[in-house]
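The values are calculated or read from the model by the stated rules, or taken from the named source; none is laboratory data. The model shown is predicted, which means the values in this text are computed figures rather than measured ones. All Cβ positions, glycine included, derive from the backbone under ideal geometry; neighbour counts span all protein chains shown. What goes into the accessible areas is simple: the full protein's heavy atoms, side chains included, and nothing from ligands, DNA or RNA. Shrake-Rupley method; radii C 1.70, N 1.55, O 1.52, S 1.80 Å.
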Amino acid sequence: MDKSTIVCRCEEINIDEIETAIKNGAETFDDIKRLTRCGMGPCQSKTCFYPVNEIIAEYTGMPLNEVSLPRLRMPLKMVRMSTLAQDSEGSNVVSVFGESVEDGES
Amino acid sequence: METDILVIGGGPAGMSAAITADRAGARVILVDESFSLGGQLRQQTQHFAPLPGSEEKVRGTALGNDLIKKLEASKVKILKKHIMIGSYRNENIGVTDGEKTFAIQSQKNIIAPGAAEKAKIFPGWTIPGVMTAGAAQILINRERVLPGKNAVMLGSNDYSLEVARQLKACGVTIKAIVEDKEQMISSDMELLHDMKNVPVYLNSTIESATGKEELNKVVVKTPAGLYEMEADLICIANGFDPIIEPFEIMGCNLAYHKELGGWLPEYNVYFQTSNPSCYIAGNAAGITTIGPVLLTGEIAAIGALEELGFMEQEEAEAQRKELWKELAEIEKRENEKTFRARSELIEGFHQKIGMAFPEEFNMVNGGAHNG
Ligand SMILES: Cc1cc2nc3c(=O)[nH]c(=O)nc-3n(C[C@H](O)[C@H](O)[C@H](O)COP(=O)(O)OP(=O)(O)OC[C@H]3O[C@@H](n4cnc5c(N)ncnc54)[C@H](O)[C@@H]3O)c2cc1C
Ligand code: FES
């Protein structure tokens, strides 16, 4: 396929950029994300996750079930900052981010 | 906010779970991000059979409306336009209505967010006029908007042919069905018959999709060479994958099962995930057909009800046995591979956590997990 074909439509990242990232040592979706912004758009990789993993699998020869999943972070869906910051029923931005189960992990 | 059972997702699976839980006397809250219940049934105008307890064909939209009516007549607290966006350290689920964010404290959660359509990339897949088959179906059946006049279907599964048939009924010309495998995926005789005049390109891919402001030219790469055609619509039907994000947030373990759609949470015969407070139902528990989608909702609800003491063990076992029997019957008939993969997933998870199989499961599964 033409290497200029877009894979991540939100961030306009093409096959060539993803393969370059792999050449530079990327092994997982998250590695590629850090190098290219692929997966960081409004859909939060819901669209590009499988196509990217297929490219990794094809390029590295790793079976699809061994290509690791992208790391998920809250909030799960797009939401306005003001909505998170709104202090209602004892809950605010601190509770969604700070109290989250991911707290303390990098 | 506080409740016994919190259901995430108001599609057929979530609604079926909520109705079952309410009937047994539990306090139930059902959350759905949409302004209307029904999930993906809202645009499914085709007829479905078999359904649990019936061989009669029922229109998808009618089935959805029937469940909504039952739900609205129940004591279930329905929160539409509410999205689950996260969880707190104490495992309360964080929900937003777009204005504020709050926690729902529940004893058990039944999570049924459904499935998403898998993307398929080719040069030009991001230009206007290229969409998933599901998007085209929503446009014609829900929004009453014609997405194009000349369509190319990418993929030849049942869903692709069903949408092609519905587009045809709206006056859209189906220019071609493009399939990269060496034969059609669908084996549904009725659908195949309806498509008999449509050119099918096997072992083929879309080489390019082009157009100035919107799609107008599609080039298909076939073993016999390139074919160029005029089209203003490409529908991508590349199958579905279970939605996993809410489960990841809840710390549920995931596994990869190709036949079930890809990555999905592990669960046991009660449809309980590795997080004991979270049950799973519907297409999130493996891509299947509408009968099993409804049944998984009921089985999950019964597990939660039993654990919370709303249902006696004996009663729960008896009901579960019937439901599993029906699930196995329908799923084996409609898609044997799906049932086998589901059994494998359950078997693997039971082994991993050292959990014995209840009698009722051994009987329906015909001891397949022993082999
Ligand atoms: C576009 C599309 C078209 C489909 N067409 C067909 C078809 O024609 N035939 C067929 O057999 N199958 C079809 N399917 C598969 C479909 O998933 C099943 O038919 C069936 O609807 C599954 O039921 P469910 O209850 O598991 O999920 P769904 O019906 O998808 O319901 C899930 C519900 O959960 C809600 N939800 C999800 N995440 C959250 C969250 N974080 N917070 C709050 N609410 C949430 C959604 O709004 C939705 O209402 C289609 C799927 C899609 C995506
Ligand atoms: S397509 Fe990659 S983030 Fe949306």
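Using the average count of surrounding beta-carbon atoms within 10 Å as a protection proxy, the listed peptides B:262-268, B:24-30 rank, highest first, as B:262-268, B:24-30. Taking the Cα centroid of the range B:298-331 and of the range B:39-100, what is the distance between the two, rounded to the nearest whole Å? Cα centroid of the range B:298-331 versus Cα centroid of the range B:39-100: 20 Å apart. Summing charges over all other residues whose Cβ lies under 13 Å from the Cβ of B:ILE206, with Lys and Arg as +1 and Asp and Glu as -1, gives -1.
In whole percent, how big is the carbon plus sulfur part of the accessible area of the protein assembly as shown, probe 1.4 Å, protein atoms only? Taking all protein chains in place, the protein assembly as shown shows 48 percent carbon and sulfur surface. Using every pair of separate Cα atoms, the Kirkwood estimate puts the hydrodynamic radius of the range A:6-66 at 11.1 angstrom.
Legend: residue pairs B:LYS149/B:LYS221; B:LYS70/B:LYS118; B:LYS258/B:LYS352, Cα-Cα distance threshold 30 Å; pairs beyond threshold, B:LYS70/B:LYS118. What the range A:6-66 shows is 50 Å² of accessible area per residue, with the surface traced by a 1.4 Å probe over protein heavy atoms.
Counting only heavy atoms of the protein chains and using a 1.4 Å probe, A:ARG37 has close to 110 Å² of accessible surface. Over chain B, accessible surface divided per residue gives 42 Å², non-protein components excluded, 1.4 Å probe.
A loss of 50 Å² or more of accessible area (1.4 Å probe, protein heavy atoms, ligands and nucleic acids excluded) relative to the isolated chain is seen in these residues of the range B:50-95: B:ILE85, B:TYR88, B:ARG89.
Interface residues of the range B:121-141, defined as a loss of at least 30 Å² in heavy-atom accessible area between the chain alone and the complex of all protein chains with a 1.4 Å probe, are B:ILE121, B:PRO123, B:TRP125, B:THR126. Ranked by the mean number of other Cβ atoms within 10 Å per residue, highest first, peptides B:104-115, A:45-56, A:68-79 order as B:104-115, A:45-56, A:68-79.
Among the residues of the range B:262-276, those with an accessible-area drop of 50 Å² or more from chain alone to full protein complex, heavy atoms and 1.4 Å probe, are B:TRP263. If the limit is 22 Å between Cα atoms, which of A:LYS77/B:LYS81; B:LYS175/B:LYS212; B:LYS75/B:LYS108; B:LYS80/B:LYS321; B:LYS196/B:LYS332 go over it? From the list (A:LYS77/B:LYS81; B:LYS175/B:LYS212; B:LYS75/B:LYS108; B:LYS80/B:LYS321; B:LYS196/B:LYS332), the Cα-Cα distance tops 22 Å for B:LYS80/B:LYS321; B:LYS196/B:LYS332. Spatially, the range B:116-160 and the range B:268-289 are offset by 29 Å when compared through their Cα centroids.
Across B:HIS350, B:HIS257, the residue with the most accessible area heads the list, and the full order at a 1.4 Å probe is B:HIS257, B:HIS350. Leaving ligands and nucleic acids aside, the B/A contact buries around 3200 square angstrom of accessible area in total at a 1.4 Å probe radius. You can think of it this way: the chain between B:LYS80 and B:GLN351 has 93.7 nm of extra reach, that is 0.36 nm per residue less the Cα-Cα gap. If you run the Gaussian network model on chain B, springs between alpha carbon atoms under 10 Å, then out of B:ALA281, B:ALA224, B:ALA341 the most flexible one is B:ALA224.
Taking 0.36 nm per residue of sequence separation and removing the Cα-Cα distance, the B:LYS196/B:CYS170 pair yields an extension gain of 7.6 nm. Summing charges over all other residues whose Cβ lies under 13 Å from the Cβ of B:ALA328, with Lys and Arg as +1 and Asp and Glu as -1, gives 0. For the residues of A:74-81, the average number of beta carbons from a partner chain within 10 Å of their own beta carbon is 6. Peptide A:43-53 has a mean of 4 when you count, residue by residue, the C-beta atoms of other protein chains within 10 Å of its C-beta.
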